[in-house]
1. Please enumerate the residues belonging to the stretch 6-18 that are out of contact with any Leu (no Cβ under 6 Å at 6 or more places or on another chain) and either aliphatic (A, V, I, L, M) or surrounded by 13 or more Cβ atoms within 10 Å (Cβ to Cβ) (or both).
2. Does the stretch 40-47 contain at least one residue that is hydroxyl-bearing (Ser, Thr, Tyr) and at pLDDT below 95?
3. Considering only the stretch 188-242, state which residues are surrounded by fewer than 11 Cβ atoms within 10 Å (Cβ to Cβ) and part of a loop (DSSP other than H, G, I, E, B).
4. Which of (1) in contact with a Pro (Cβ under 6 Å, 6 or more places away or on another chain); (2) in contact (Cβ under 8 Å) with a residue 12 or more places away in the chain is the odd one out, the single condition CYS159 does not satisfy?
5. Could you pull out the residue among ARG53, ARG5, ARG16, ARG59 that is among the charged types (D, E, K, R) and over 25 Å from TYR144 (Cα atoms)?
6. Residue by residue through the stretch 7-22, note down the ones that are part of a strand (DSSP E or B), touching an Asp or Glu at 6+ places or on another chain (Cβ under 8 Å) and free of Cβ contacts under 8 Å to residues at least 60 places away in the same chain.
7. Look at ARG59 and say whether it is out of contact with any strand residue (DSSP E or B) (no Cβ under 7 Å at 6 or more places or on another chain), in a helix (DSSP H, G or I) and within 21 Å of TYR180 (Cβ to Cβ).
8. Among the residues in the stretch 179-187, are any buried (at least 19 other Cβ atoms within 10 Å of the Cβ) and over 24 Å from the mean Cα position of the chain (by Cα)?
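The values are calculated or read from the model by the stated rules, or taken from the named source; none is laboratory data. Since this is a predicted model, take the numbers as computed values, not measurements. Using ideal geometry, Cβ is built from the backbone for each residue, glycine included, and neighbour counts are taken over all protein chains shown.
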Amino acid sequence: MSLFRCPLCAAPLERRERAYVCPAGHSFDLAREGYVHLLPPNRKHSALPGDDREMVLARREFLSRGYYHPLLNTICSRILPVSGEAPALLDAGCGEGYYTSGVWQALRAAGKRPQMAGTDISKLALRAAARREREVEFAVASSYRLPLRDGSVDVLLNCFSPLALEEFRRVLRPGGWFLYVVPGGAHLWELKEILYDRPYPNEEKETPYEGFAYREIVPVDGTILLDRREDVRNLFRMTPYFWKTPKAGAERLAALDRLEVRTSFRVHVFQKR
């Protein structure tokens, strides 16, 4: 049985060769790449919501070069010890699937039998994710209306995506784990110095959430050297700064052939009460 449930009647979905089907007869076609669209048209806020093609390609190319591998290793190191032999996992806001695939591969390498799903509102991102990892289920869906059953997930991962706490509490089983990854204060500071006249650090805070117990905050800090112009461009293109940078700052960055920049992440680890 699939981790997904029908977005129309909330009944369990069964994955068949070409579609997901529920007992009530609702059917959702599988795309050629292997993902399914479970976001009803009346819940879409635009014709093509989520990351566009250029952002997806930039992130895929940048991450494939290993620049954020320390973060992926840290995420895996926290998920592996709390996962049973056959855990159910969700990557909410999974994008093009870099972290989804990394966690899946780590669990399999440890001899576990995971069942894993990834959701995102961008079908362009999910095309890349589904091609990357065929054994993971992927669905176009909103984090605020997750197409999963209550208490069906052992571990939920959220990397730089909307924080839909009510839904996260609903789909996690009691005692389940929630990893929330956010930028640290100095993340990409040197990039921001080029883009903006008066950059400011990201806010860092420990925020308790109802229904969750804080277990730890894991820092992941480092420095990366981007020695190719396309890597500098891809980093810029995959961040929110691309949409809100003054023209002068974007031009300064475009003139660079290389960039040494700090990376800083915080992995907030929670357990559902």
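1. Keep residues of the stretch 6-18 that are out of contact with any Leu (no Cβ under 6 Å at 6 or more places or on another chain), which gives 8-17.
Within the stretch 6-18, LEU8, ALA10, ALA11, PRO12, LEU13, GLU14, ARG15 qualify.
2. At the first step, the residues of the stretch 40-47 found to be hydroxyl-bearing (Ser, Thr, Tyr) are 46.
From the residues that got through so far, the ones that are at pLDDT below 95 too are 46.
There is at least one residue in the stretch 40-47 that is hydroxyl-bearing (Ser, Thr, Tyr) and at pLDDT below 95.
3. ASP197, ARG198, TYR200, GLU203, LYS205, GLU206, THR207, PRO208, GLU210
4. (1)
5. On the way: ARG53 fails: over 25 Å from TYR144 (Cα atoms); ARG5 fails: over 25 Å from TYR144 (Cα atoms); ARG59 fails: over 25 Å from TYR144 (Cα atoms).
On inspection, the qualifying residue turns out to be ARG16.
6. Initial filter on the stretch 7-22 (part of a strand (DSSP E or B)): 12, 14-15, 19-21.
Adding the requirement that they be touching an Asp or Glu at 6+ places or on another chain (Cβ under 8 Å) leaves 15, 19-21.
Within the stretch 7-22, ALA19, TYR20, VAL21 qualify.
7. Taking the combined requirement at face value, the residue satisfies it.
8. Within the stretch 179-187, none of the residues are buried (at least 19 other Cβ atoms within 10 Å of the Cβ) and over 24 Å from the mean Cα position of the chain (by Cα).
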